[in-house]
1. When the stretch 9-19 is examined, which residues are found to be open to solvent by less than 80 Å² (accessible area, probe 1.4 Å) and assigned to a helix (DSSP H, G or I)?
2. Taking the stretch 20-60 as the search range and keeping residues that are of a type in the set (Lys, Arg) and in a helix (DSSP H, G or I), which one is farthest from His1 (Cα to Cα)?
3. Do you know which of the residues in the stretch 40-60 that are closer than 20 Å to Cys78 by Cα and among the acidic types (Asp, Glu) is surrounded by the most Cβ atoms within 10 Å (Cβ to Cβ)?
4. Would you be able to tell me the number of residues in the stretch 61-78 that are surrounded by 20 or more Cβ atoms within 10 Å (Cβ to Cβ) and assigned to a loop (DSSP other than H, G, I, E, B)?
5. Give the stretch 20-39 a look and list any residue that's open to solvent by 80 Å² or more (accessible area, probe 1.4 Å), more than 15 Å from Ser76 (Cβ to Cβ) and touching a residue at least 24 places away in the same chain (Cβ under 8 Å), or say none.
6. If Gly4 satisfies every condition in (1) free of Cβ contacts under 8 Å to residues at least 60 places away in the same chain; (2) part of a loop (DSSP other than H, G, I, E, B); (3) open to solvent by 30 Å² or more (accessible area, probe 1.4 Å) but one, which is the exception?
Amino acid sequence: HSPGVQPADVEEVVEKGVQILVIGRGMSEALKVPLSTVEYLKKKGIDVRVLQTEQAVKEYNALVTQGIRVGGVFHSTC
């Protein structure tokens, strides 16, 4: 859970050309998402949403139904 989601962990999703990346931190939000990862995504022009996993899945699904190119990285436990 630490150091958490690193820029290298999201690189493949970034290369797919997403507009928004939703990151689920786990059911108890134990997974870390360092500021360096958020800054990396913003420099690439990608909006990032860091949420508890259940909320992240809802957000992801809502964005998909709006036709937005969205990617997701979800931690399913803790």
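The values are calculated or read from the model by the stated rules, or taken from the named source; none is laboratory data. A quick note: this is a predicted structure, and the numbers were derived from the prediction, not measured. Because the Cβ atoms are built from the backbone with ideal geometry, glycine has one as well, and the counts that use them run over all protein chains shown. Accessible surface areas use protein heavy atoms only, side chains included; no ligands, DNA or RNA. Shrake-Rupley method; radii C 1.70, N 1.55, O 1.52, S 1.80 Å.
1. Across the stretch 9-19, the qualifying residues are Val10, Val13, Val14.
2. The selected residue is Lys43.
3. Ranking the candidates gives Glu59 first.
4. Matching residues across the stretch 61-78 total 1.
5. Lys32 - this is the single residue of the stretch 20-39 that is open to solvent by 80 Å² or more (accessible area, probe 1.4 Å), more than 15 Å from Ser76 (Cβ to Cβ) and touching a residue at least 24 places away in the same chain (Cβ under 8 Å).
6. (3)
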